[in-house]
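The values are calculated or read from the model by the stated rules, or taken from the named source; none is laboratory data. The structure presented is a predicted model; accordingly, all values stated were derived computationally and were not measured. All Cβ positions, glycine included, derive from the backbone under ideal geometry; neighbour counts span all protein chains shown. Ligands, DNA and RNA are stripped out before the accessible areas are found, and what is left, the full protein with its side chains, is counted by its heavy atoms. Shrake-Rupley method; radii C 1.70, N 1.55, O 1.52, S 1.80 Å.
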Amino acid sequence: MSDMTDQTRPPIVAYGPLYPYLTEQLERRFTVHAVAADADLSTLPADVRAARALVSFGSVGAPAAIMDALPRLEMIGLFSVGYDKVDVDHARAKGIRVTNTPDVLTDDVADLAVGLLYATVRNIAANDALVRSGGWARGEKPALSGRVTGATIGILGLGRIGRAIARRLEPVAGAILYHNRKPAADTPYRYVADAIDFARQSDVLIVATSGGPEAAKLVDGAMLDALGPQGVIVNISRGGVIDEDAMVERLADGRIAGAGLDVFAHEPHVPQALFAMNHVVLQPHQGSATVHTRKAMADLVLANLDAWFGDQPLLTPVV
């Protein structure tokens, strides 16, 4: 489709910043109008308001206001698995289709979850800092760490990513438990129906559930208390799934042992109290941030757009 003339290129909106490869490919196929995520939507010119599709990062999404500002909008192509920042009900009511990018990022997110687990339990970030600061050379002794081998691993959300994490940890875990709204089909792992009991039985709690309003603060203070002072939490899902204030309080006073966090409730803003905690490992939302996966995600966004404008079925529809 790269030989389209300007007259035949469907107009689309790039809402917020996009991955450079995706931007380049969009500009070959479409008439692309860049709209900042904080733009005054009441001032959009007519050619932008004529856009038939919108593309955005999952962290930007598509609130109702941008849908209403684009009266000819037909579909939203999300560069993300999670779609909690898209007003899905509003899209459905307006007949706007929504697509996301599942599957292609599963392995990289699962790899990071396992990396965060080991980094947190084995004090890897704190010990790196000790060496770099010269503390080790001055005779400072690193604290003894916990261990992953033999631990009971609890996975909150046994979907694609949760299963990929479990497969990676099977050779070393003492046991793998999971908690979902209902038992998952075709899995060797033990289902625990009660969330508090699930946390109490887990040495490590890995949050891999989908985000969205129904998952807000799913991991609350009571669940963290059940995890206990020897427990570690890892989150590669969405920051809002954990009650962040409750988690910070319990990390500060030793009611949980540590945390490996790739996501936060108000990204890119991270609770300042976490910066001084050497039992916490922090990442800037890097779960899918490999060259291979970001290209695959972009290609899936493009494939959905090509399908829509070619009157073909969408590959990965959410709505």
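Between amide H atoms placed 1.01 Å from N, distances below 5 Å from Ile155 occur with Leu177, Tyr178, His179, Ile206, all of them 5 or more places distant or on a separate chain. Here the stretch 132-276 is treated with +1 on each Lys and Arg Cβ and -1 on each Asp and Glu Cβ, and its dipole about the Cα centre works out to around 560 debye.
For the stretch 89-96, putting each phi into the Karplus relation 6.51 cos²θ - 1.76 cosθ + 1.60 with θ = phi - 60° gives couplings of 4, 5, 4, 4, 5, 8, x, 8 Hz, in residue order, rounded to whole numbers and with x for Gly and Pro.
If you place +1 on the Cβ of every Lys and Arg, -1 on the Cβ of every Asp and Glu, and leave all else neutral, what size is the dipole of the stretch 20-138 about its Cα centre, to the nearest 20 Debye?
Computed charge dipole of the stretch 20-138: roughly 60 debye.
Histogrammed with a bin width of 5 Å, the alpha carbon distances of the stretch 176-319 distribute as 2, 9, 16, 18, 16, 14, 11, 8, 4, 2, 1, 0 percent, first bin at zero.
When only Cα pairs below 8 angstrom with a gap of at least 6 residues are kept, the chain shows a relative contact order of 17 percent. Using θ = phi - 60° in the Karplus curve 6.51 cos²θ - 1.76 cosθ + 1.60, the 3J(HN,Hα) couplings for the stretch 209-214 round to 6, 6, x, x, x, 5 Hz; x is entered for Gly and Pro.
Comparing Gly139, Gly16, Gly150 in a Gaussian network model of the chain where C-alpha atoms under 10 Å apart are linked, the largest mean-square fluctuation is found at Gly139. Between 0 and 90 degrees, the angle of helix 106-121 with respect to the longest Cα principal axis of the chain falls at about 30 degrees. Name the most mobile residue of Ala173, Ala216, Ala129, meaning the one with the largest mean-square fluctuation, in a Gaussian network model of the chain with Cα contacts below 10 Å. Comparing Ala173, Ala216, Ala129 in the GNM, the peak value goes to Ala129.
Ellipticity at 222 nm from helices only: DSSP H runs of n ≥ 4 in the chain, each -39500 (n - 2.57), divided by the residue count, give -9500 deg cm²/dmol. Quick one: Cα centre-to-centre distance for the stretch 182-222 and the stretch 19-39, in angstrom? Here the two parts' Cα centres lie 37 Å apart.
Expressed per residue, the C-alpha convex hull volume of the stretch 50-153 stands at 159 Å³. Rounded to the nearest 20 debye, the dipole size of the chain about its Cα centre is 580 debye, using +1 on the Cβ of Lys and Arg and -1 on the Cβ of Asp and Glu.
If one computes the Cα centroid of the stretch 131-165 and of the stretch 254-319, what distance in Å separates the two points? Spelled out, the Cα-based centre of one part sits 21 Å from the other.
Enter the angle in degrees (range 0 to 90, nearest 10) between the Cα long axis of helix 20-29 and the first principal axis of the Cα atoms of the chain, meaning the one along which they spread out most. Value to nearest ten degrees: 20.
Just need the relative contact order of the stretch 174-319 here, percent rounded to a whole number, with Cα pairs under 8 Å and 6+ apart. Mind showing how you got there, number by number?
Values: 198 pairs, mean separation 22.5, N = 146.
The normalised contact order for the stretch 174-319 reaches 15 percent.
Relative to the longest principal axis of the Cα atoms of the chain, helix 160-169 runs at roughly 30 degrees. Among Asp197, Asp38, Asp243, which one shows the highest mean-square fluctuation when the chain is modelled as a Gaussian network with alpha-carbon springs under 10 Å? Judging by the Gaussian network model, the answer is Asp38.
The apolar share of the surface of the stretch 175-319, taken as the fraction of accessible area on carbon and sulfur atoms (1.4 Å probe, ligands and nucleic acids excluded), comes to 53 percent.
Mean projection of the Cα convex hull over all viewing directions, computed for the stretch 6-87: 5.1 nm².
In the chain, the DSSP beta bridges split such that about 5 percent are antiparallel, to the nearest 5. Ordering Asn100, Gly154, Val48 by Cα displacement along the dipole of the chain toward the positive end leaves Gly154 in first place; charges were set at the Cβ atoms of Lys, Arg (+1) and Asp, Glu (-1). Based on Cα contacts under 8 Å between residues 6+ apart, the stretch 57-110 shows a relative contact order of 39 percent.
Amide H contacts of Val98 (H built 1.01 Å from N, in plane; Pro and chain starts excluded): Ile76, Val318, Val319 sit under 5 Å, all sequence-distant by 5 or more or on other chains.
Spin-label pair Asp103-Ala276: with each label point 7 Å from Cα along the Cα-Cβ axis, the two points sit 4.8 nm from one another.
Look at the dipole of the chain built from charges on Cβ: of Ala62, Leu224, Leu18, the Cα furthest out on the positive end belongs to Leu224.
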